Amino acid sequence: MNTETTDPRRIEAGAESVPAVLLVGGMGTRLQSVLPATPKPLAPLGGISFLELLILQVRSQGIRRLVMCSGHRAEQIEKVCGSGRKWDMAIEYSRESQPLGTGGALKLAEPLLRQSDEFLVMNGDSFLEFDFQQFLKFHRQHGGLASLAVRSVPDASRYGAVQLAADKRVTGFCEKNNSGAQGVVNGGVYLFNRAIWEHFPDAPSSLERDIFPHLLNHGMYAIEQSGMFIDIGTPDDYARAQTIAQSLRQAANADVPAEARVRS
């Protein structure tokens, strides 16, 4: 587990201007039995919300601008996070009025991201420990439209596996199954180039089911991460996250003093 702050000597040129997008608009249907009136990203976790854990994670890596794609119970998320000032960040919101899927929600936020050559995208219900500077360097070196942060897990069947070539190009995606086999899975963290927008339809869509398969012939690469990985999509997973809350905070550098963080 890496709990050290990013070495400023390793900062990629222009990294401080890369915004992060958090996809926080899902219904969270499977968690409603334990969180009946709370949007999934605001699920309590060790004294903070899961969403705040993600905010602190990107902040610790030098990112200062966030766009939140909200939807279900958006007013709760916007009330809790506000302008982002309490984290020394700038937060903007793109709120969907009806479910658009992860791809549609991201497309709705395009006006807020149009000036960015690159942008980071993260699922709002999963946590992956990753090195943003390393990820950005990889993305630029490979020159694809999209880069995925992936993780090897003992049982890839519950997520669906990502197929990779020797040059780290993504060649395919396997559907969820009951094989129980080890594999590499999508970690829910992506880097996109501005040119990706032309591949998004002006309609509801899913990143995983609609956009990513279409991008296979347009340059999509993946870099494997080895740190902590968990999602909170089910009551069992959420309960497990509760038991490792302190480790997740450490993995996110959530407790590093502000003056020790990378700042823009």
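Summed over the range 128-164, the residues that are in a strand (DSSP E or B) and either touching a residue at least 40 places away in the same chain (Cβ under 8 Å) or touching a Leu at 6+ places or on another chain (Cβ under 9 Å) (or both) give a count of 11. Is it the case, given these coordinates, that Ser264 is over 15 Å from Phe127 (Cβ atoms), at pLDDT 95 or above, surrounded by fewer than 19 Cβ atoms within 10 Å (Cβ to Cβ) and hydroxyl-bearing (Ser, Thr, Tyr)? Judged against the criteria, Ser264 is not a match. Suppose the filter is in contact with a strand residue (DSSP E or B) (Cβ under 9 Å, 6 or more places away or on another chain), on the phi < 0 side of the Ramachandran plot and surrounded by 14 or more Cβ atoms within 10 Å (Cβ to Cβ); does Ser17 pass it? Yes, satisfied. Only one entry of Leu100, Leu31 meets the criterion of being surrounded by fewer than 22 Cβ atoms within 10 Å (Cβ to Cβ), at pLDDT 95 or above and either among the hydroxyl-bearing types (Ser, Thr, Tyr) or in contact with a Lys or Arg (Cβ under 8 Å, 6 or more places away or on another chain) (or both), and that entry is Leu100. Any residue in the range 202-223 that is aliphatic (A, V, I, L, M), in contact with a strand residue (DSSP E or B) (Cβ under 8 Å, 6 or more places away or on another chain) and at pLDDT below 95? So far as the range 202-223 goes, no, none of its residues is aliphatic (A, V, I, L, M), in contact with a strand residue (DSSP E or B) (Cβ under 8 Å, 6 or more places away or on another chain) and at pLDDT below 95.
A quick yes/no check of all residues on (1) touching a Lys or Arg at 6+ places or on another chain (Cβ under 9 Å); (2) at pLDDT 95 or above; (3) under 22 Å from Leu100 (Cα atoms):
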position	(1), (2), (3)
Gln134	yes, yes, no
Pro154	no, no, no
Val162	no, yes, no
Cys174	no, no, no
Ala195	no, yes, yes
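Quick one: how many residues across the range 213-241 are under 15 Å from Ser126 (Cβ atoms) and part of a helix (DSSP H, G or I)? Counting residues in the range 213-241 that are under 15 Å from Ser126 (Cβ atoms) and part of a helix (DSSP H, G or I) gives 5. Leu112 - would you say it is touching a strand residue (DSSP E or B) at 6+ places or on another chain (Cβ under 9 Å) and assigned to a helix (DSSP H, G or I)? So Leu112 fits the description; yes. The single condition among (1) in contact (Cβ under 8 Å) with a residue 40 or more places away in the chain; (2) part of a strand (DSSP E or B) that Leu106 does not meet is (2). Looking at Val185, Val189 in this structure, which one is surrounded by 18 or more Cβ atoms within 10 Å (Cβ to Cβ) and either in contact with a helix residue (DSSP H, G or I) (Cβ under 9 Å, 6 or more places away or on another chain) or farther than 28 Å from Ala252 by Cβ (or both)? Criteria check complete, one pass: Val189. Scanning the range 133-155 for residues that are out of contact with any strand residue (DSSP E or B) (no Cβ under 7 Å at 6 or more places or on another chain) and farther than 14 Å from Met220 by Cβ gives Gln133, Gln134, Lys137, Arg140, Gln141, Pro154, Asp155.
Condition check: crowded, with 17+ Cβ neighbours inside 10 Å, at pLDDT 95 or above, within 18 Å of Gln242 (Cα to Cα) and hydroxyl-bearing (Ser, Thr, Tyr). Does Ser49 satisfy that? Taking the combined requirement at face value, the residue satisfies it. The number of residues in the range 49-103 that are hydrophobic (A, V, I, L, M, F, W, C) and part of a loop (DSSP other than H, G, I, E, B) comes to 3.
The values are calculated or read from the model by the stated rules, or taken from the named source; none is laboratory data. All values derive from a computational prediction rather than experimental measurement. Every residue, glycine among them, receives a Cβ derived from its backbone with ideal geometry; neighbour counts consider all protein chains shown.
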